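Notes follow once the structure below has been shown.
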Amino acid sequence: ELQQKVEETEVLKMELQMLETERVRLSLVEEKLMDVLQLLQQLRDLNISKRALGKILLSTLESCWDPQPGKAHLFEVLDTLYHELAGCELLQSQPLEKAQSCQALSNPLVISC
């Protein structure tokens, strides 16, 4: 009976460790998604064209077509999209002060289409 309890404890420890790992992974995905949404908000405020935004999205999807082994594909796509959006010429030409004021005044989670 004692051996059975020890085995059950070990199984529970492993499950807890797996849950903690998943929690951390989801937290990283959520953080990256928030970054992407903030960039999309800034680009919307700068009136980016749908065509330019579509090109960024297609470029992201093309570069993530073949997932890298050992990497979470969702996180890889979000990370690539973040870098594609951050490299957008509209954001690069925007003065730093305006970017910060736009970000401070608007809710980064609200994106209207």
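From largest accessible area down, sort THR9, THR80, THR60, THR21; use a 1.4 Å probe on the protein chains. Write out the running numbers ahead of the final one.
Numbers: THR9 65, THR80 35, THR60 0, THR21 90 Å².
The ordering from most to least exposed comes out as THR21, THR9, THR80, THR60.
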_Largest-first principal axis extents of the Cα set of region 11-73 (Å)_ = 53, 27, 10
*How many Å² of accessible area per residue for region 1-60, probe 1.4 Å?*
79
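The values are calculated or read from the model by the stated rules, or taken from the named source; none is laboratory data. Remember, predicted model here, so these are calculated numbers, not experimental data. Just the protein is used for accessible areas: all its heavy atoms, side chains included, with ligands, DNA and RNA removed. Shrake-Rupley method; radii C 1.70, N 1.55, O 1.52, S 1.80 Å.
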